[in-house]
Amino acid sequence: RQDLLRRAWSVIGRVRSRKRGADAGLIRRGVCGTLCLGVVSTRGGGTAAMSSLSASSFPLVNMSFASGMGSVSSAAAASAAAESAATVNVNGLDVSPLDTRAYRSVVLENGLSALLVSDTHGDTAAAALDVAVGHFSDPDAIPGVAHFCEHMLFLGTEKYPDEGSYRQFLAENGGYSNAYTSMENTNYHFHVVAGKFREALDRFSQFFVAPLFTSDATEREMKAVDSEHQKNLQSDAHRLFQLRKSSASPNHPFSKFGTGSFDTLRDIPAVRAALLEFHSKFYFAPAMTLCVVSPDSLDTLQEWVTELFSGVRSKPQVPEEAAVCANGAAAEADAAVDPVSSYRDLVPFESAQLAKTYYIAPVKELRLLELVWVTAALKPLYRVKPANYIAHLLGHEGQGSLLSLLKARGWADGLSAGPGMSTETFGTFDVSVELTAAGVEHRDEIITLIFGYLRLIREQGIQKWVWDECKATAEMSFRFHEREEPIKLASRLSSEASSYPMEHSLAGPFLYYEYSPDTIRSVLDVMVPEHVWICVLSSEVAQQRSLELAEKWYKTPYDVEDISKELQGQWRNAEVAEELRIPSPNAFIPTDFNLLSSENADRGDEKAKH
Ligand SMILES: [Zn+2]
């Protein structure tokens, strides 16, 4: 279940597709959703591959089930084991057995990774390029440079200097383009009618090969960025997100303001210099992951991608002065290759910044209680998915659940729990409760119930059957994953292929590979009162308290107080309310997707009844 906030955040940060969809064809660069949660880059951060089947056994993607119930295709018939496996390995990539697209991953000589997807059923083509740098790498003095770079990149190239021609070409050919800047990634994407893909891809590639960054566009785009920020000022999700950021350790880049505004970008000459430096330092082929989706064949796509993207420079351009200064040079070169190296060892929240409750007034009619814990980076733990295990229990909605009890007491309308932000170096576990007016008054008791439920999870011990249920549900959702529009697929895969080992770029975000109670416990261990960050969003509370502080960038009025040692103690020792319990095993999660042969079905095999 997604709460209002996470829904909003996913729109801002990760998905943005709904808004994009509504804007399709308008190609308004002014609305490129920036900011953001969630998007991660863990280039090579994952662990070794685990593929259940060797590539050579299954050279085809489309070992399909399409020939009708009961009649199994010959390839599938060849191996019953393959049918029930969660994935088949195609050209080194784990894909769903029902996925009829063809995939291939390639790395160009300059180091650019590309994931090629041939989808013969489609009539649109799409491409996305993800660069492993985001606003965490903004220069301290100029917030918003990464986002500004994203805006500026599309304004003309040496080959196609007219700054409007890319937009126009796409608009004339049923396409549109967009981009977003997140904490550690910048993602550019477009779609176009399939017959024009080669030319669109040529225009697109030039932005990464030889962009112009003309000075006369700088001021205009600065204003576009500022108007984007002005729009965000009235968004509760943005206000809350920035409050989280501004309350973090000032030494950690999480505390930055990523959008940029007139205030941060008005010194045009300085901003332009910073922009060019940012681009030369962070935009180079090994930091980029491309994904193309098209009805064209894999061979054709590989030929185009190689031809068009081999011109992207293979190394960052280290500033000359850094190359001269011996000590400085090493540091500069390091930072250029891996943006994360400058903050890998920093913590986003020190103890002094935790165990606090923030109170803010919403813009819209909204009552929300947010509990946030900072965890280890979750992406490298994708094989175990420890936060999903905890989310499965805290967020379940049946009898004995936290939500059913909160509803019975009239305190909440909804609850969501699960992994929140996910970065290279840390993640968060978020619990959001959609409060009723009565719930606002009883918020401390609600928090006591949450800690009580966490205690229940600890006391029950980590249960393998719970993890197995999560695993089975995830396999089903991967197997039957809804077919996405090419542009969404390209954007998602370009981002995920840069976060997971290539073979797991499709399956990794979904599937569970390894049961590790210790890893699950390690996330559970940080979910204690002394490490919690709480926010209450409610106009009632805003009226009761004088919100005299103002957040730096959004000027959101807020108040903050330390959670007293006494209250922390109460939460730590919270009893488990007698209504609460761990859900019983769910007997209705299918795990066997074997098609029965007609012979078996005739025999009335037990399986056929399910
Ligand atoms: Zn923007």
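The table for this structure:
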{"quantity": "Entries in Lys159/Lys315; Lys256/Lys407; Lys231/Lys281 that, when Cα-Cα distance is taken, lie over 27 Å", "calculated": "Lys256/Lys407; Lys231/Lys281"}
{"quantity": "Area accessible to solvent at Val131, 1.4 Å probe radius, in Å²", "calculated": "0"}
{"quantity": "Sparse-neighbour loop sites [trypsin sites (Lys or Arg not before Pro); the range 153-211; at most 15 other C-beta within 10 Å; DSSP]", "calculated": "Lys159"}
{"quantity": "Heavy-atom accessible area ranking, 1.4 Å probe, most first, across Asp130, Asp525", "calculated": "Asp525, Asp130"}
{"quantity": "Nearest-20 debye value, the range 351-572 charge dipole, Cβ charges on Lys, Arg, Asp, Glu", "calculated": "240"}
{"quantity": "Hydrodynamic radius of the range 378-475 per Kirkwood, over alpha carbon pairs, in Å", "calculated": "14.4"}
{"quantity": "Within the range 351-572, percent of DSSP bridges classed antiparallel, to nearest 5", "calculated": "85"}
{"quantity": "Inter-centroid distance (Cα atoms) of the range 535-591 relative to the range 373-414, Å", "calculated": "13"}
{"quantity": "Inter-site label distance for Gln230 and Asp123 at 7 Å from Cα along Cβ, in nm", "calculated": "4.1"}
{"quantity": "16 Å cut-off, amide nitrogen to a point 7 angstrom out along Arg313 Cα→Cβ, residues in the range 139-177", "calculated": "153, 158"}
{"quantity": "The range 351-572 - percent of accessible surface contributed by carbon and sulfur, probe 1.4 Å", "calculated": "49"}
{"quantity": "Gain upon complete extension [Arg458, Ser249; 0.36 nm per residue less C-alpha separation]", "calculated": "72.3 nm"}
{"quantity": "Gain on full stretching of the segment that runs from Ser564 to Trp465 - 0.36 nm per residue minus C-alpha separation", "calculated": "31.9 nm"}
{"quantity": "Selection from Thr218, Ser246, Pro143, by position along the positive dipole direction of the range 126-259 (Cβ)", "calculated": "Ser246"}
{"quantity": "Placed amide H near Leu415: partners under 5 Å, 5+ positions off or other chain", "calculated": "Glu434"}
{"quantity": "Rounded if a/c under 1.5, otherwise prolate or oblate - the range 351-572, Cα gyration tensor axes", "calculated": "prolate"}
{"quantity": "Cα centroid separation - the range 95-116 against the range 150-201, whole Å", "calculated": "21"}
{"quantity": "Inter-label distance for Glu579 and Asp525, nm, one decimal - labels placed 7 Å from Cα along Cα-to-Cβ", "calculated": "3.4"}
{"quantity": "Peptide ranges 269-282, 210-223, 445-458 listed from the most packed, as the mean C-beta count within 10 angstrom indicates", "calculated": "445-458, 269-282, 210-223"}
{"quantity": "Tyr512 - accessible surface, heavy atoms, 1.4 Å probe, Å² rounded to 10", "calculated": "20"}
{"quantity": "Amide H partners (placed H, <5 Å) of Ala376, local residues excluded", "calculated": "Gly427"}
{"quantity": "Solvent-accessible area per residue for the range 351-572 (1.4 angstrom probe, square angstrom)", "calculated": "37"}
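The values are calculated or read from the model by the stated rules, or taken from the named source; none is laboratory data. Just so it is clear, the structure is predicted and the values come from calculations on it, not from any experiment. All Cβ positions, even for glycine, are placed from backbone atoms using ideal geometry, and neighbour counts span all protein chains on display. Heavy atoms of the whole protein, side chains included, go into the accessibility calculation; ligands, DNA and RNA do not. Shrake-Rupley method; radii C 1.70, N 1.55, O 1.52, S 1.80 Å.
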